[in-house]
Amino acid sequence: MATMSPAKEVKRAPYEKSPLFFRRVETLRQAEELSASGLTPLEFRPRVAGAFDLAFDGGQSGHFSIWTTRSLSGFVTTPFTNVDVVSIRFVSSGRLLRRDGSGDEVLAQPGLGLLQSFSPVRMEEMSENFAAIAATVDRRTLAAHYNALEGGEPGSLPDFAAIADTRIPGVRAFMRSLLLIHERIRADRSPDGIEVPLLHEIMLYQFLGAWPRNLVKEPGRSDLPQSRRIRLALDFIEANIAGRLKLADVAQACDVSVRTLQMLFKREMGTSVVQVIIDGRLDRVHADLLRAANSPTFVNQIARRWGFQYMGDFSRRYRARFGCTPSETLRTRHH
């Protein structure tokens, strides 16, 4: 666990939204000035004593904000005021650990999206080499769009999942939309791109339609929505990736037929169940090779560990996914 510097009491300006912002922080004094500026509702502290590096930029409108964050050193934030917003974040490098007032922890890392409500008792720790894109939306605005789209009690929101897998096409498309809008803000240096009401509508409805939701009650599995079935299948594959995985076993885990499972993956993920399994195993071989000592037989040993029995087929698939051979990955690691 990283050693965090004790919080220092600072005099803060009231939090106010800024149409455009860019800030680079390289010293503890600059972090204290940022915490006191009122630009964000957060207090910033170094993750490790004596090291601080942080840069973020983006734009804010009346009820919608988009920004990117980068940090080589990592950092810690604690809210100093309550803001009634919903925050969505996609980590592209490093990881984020969030702790709330009850002690519960949520970890976000590349490949996952994190959704949360703003809470004055929440603390977040960003690792070294951290990078992410994030958005916030006013809760009342989001609830109004949800009511218009699906009905329900005014002011209410569905029980969104805290974590979303970016392999789900709708989630990946929403993340891509955030990146494109942020690029436009940086290119134009104008908030107009996120102040257009139609753009707000598109982004909010895209989010509402794409983000997975928790079950309000515990229904029978035959009642599970399709996105939930995909999540069950992915969880089962992840838990059994090193063993013998049969389509029938994956289908049974989410209570559908093999044919239905294949159709769901093709429609919702744009690929097959078998390809998801193969890609997951290739990713693990790649990670092991990057950590491995150079040995003439080590590639074969690692490949077989993750279920690849035919080295010719394995090498072809590996090259197609990573653009190099397994042996080249080893040589890259040792140069």
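The values are calculated or read from the model by the stated rules, or taken from the named source; none is laboratory data. Everything quoted here is computed from the prediction, not taken from an experiment. Reconstructed Cβ throughout: ideal geometry from the backbone, glycine too, with neighbour counts over all protein chains shown.
Of all residues in region 233-260 being in contact with an Asp or Glu (Cβ under 9 Å, 6 or more places away or on another chain) and part of a helix (DSSP H, G or I), which is modelled with the lowest pLDDT?
Ala253
Just one of Gly74, Gly50 is assigned by TED's automatic domain parsing to the domain that holds Ala131, surrounded by fewer than 20 Cβ atoms within 10 Å (Cβ to Cβ) and on the phi > 0 side of the Ramachandran plot; which is it?
Numbers: Gly74 fails: surrounded by fewer than 20 Cβ atoms within 10 Å (Cβ to Cβ).
Going through Gly74, Gly50 in turn, the sole match is Gly50.
Given the options Ile181, Ile230, Ile185, name the one that is at pLDDT below 90, in a helix (DSSP H, G or I) and either over 19 Å from the mean Cα position of the chain (by Cα) or among the small types (Gly, Ala, Ser) (or both). Explain how you work it out, then say what you get.
Details: Ile181 fails: either over 19 Å from the mean Cα position of the chain (by Cα) or among the small types (Gly, Ala, Ser) (or both); Ile230 fails: either over 19 Å from the mean Cα position of the chain (by Cα) or among the small types (Gly, Ala, Ser) (or both).
Residue meeting the stated conditions: Ile185.
Just checking, does region 276-295 include any residue being in contact (Cβ under 8 Å) with a residue 24 or more places away in the chain, farther than 23 Å from Cys324 by Cα and not hydrophobic (A, V, I, L, M, F, W, C)?
There is no residue in region 276-295 that is in contact (Cβ under 8 Å) with a residue 24 or more places away in the chain, farther than 23 Å from Cys324 by Cα and not hydrophobic (A, V, I, L, M, F, W, C).
Can you give me the number of residues within region 33-62 that are part of a loop (DSSP other than H, G, I, E, B) and touching a strand residue (DSSP E or B) at 6+ places or on another chain (Cβ under 7 Å)?
The first filter runs over region 33-62 and keeps only residues part of a loop (DSSP other than H, G, I, E, B), leaving 38-41, 47, 49-50, 52-53, 61-62.
Narrowing the set further to residues that are touching a strand residue (DSSP E or B) at 6+ places or on another chain (Cβ under 7 Å) leaves 39, 41, 47, 52-53.
Adding up the residues that qualify gives 5.
Quick one: count up the residues across region 98-140 that are at pLDDT 85 or above, buried (at least 17 other Cβ atoms within 10 Å of the Cβ) and not in a strand (DSSP E or B).
Number satisfying all stated conditions: 3.
Touching a Gly at 6+ places or on another chain (Cβ under 6 Å) and at pLDDT 85 or above - does that describe any residue in region 278-295? Reasoning before the result, please.
We begin by selecting, within region 278-295, every residue touching a Gly at 6+ places or on another chain (Cβ under 6 Å); these are 281.
Cutting the leftovers down to at pLDDT 85 or above gives us 281.
Yes, because at least one residue in region 278-295 is touching a Gly at 6+ places or on another chain (Cβ under 6 Å) and at pLDDT 85 or above.
For region 75-92, give me each residue that is farther than 26 Å from Ser177 by Cα and assigned to a loop (DSSP other than H, G, I, E, B).
Within region 75-92, Phe80, Thr81, Asn82 qualify.
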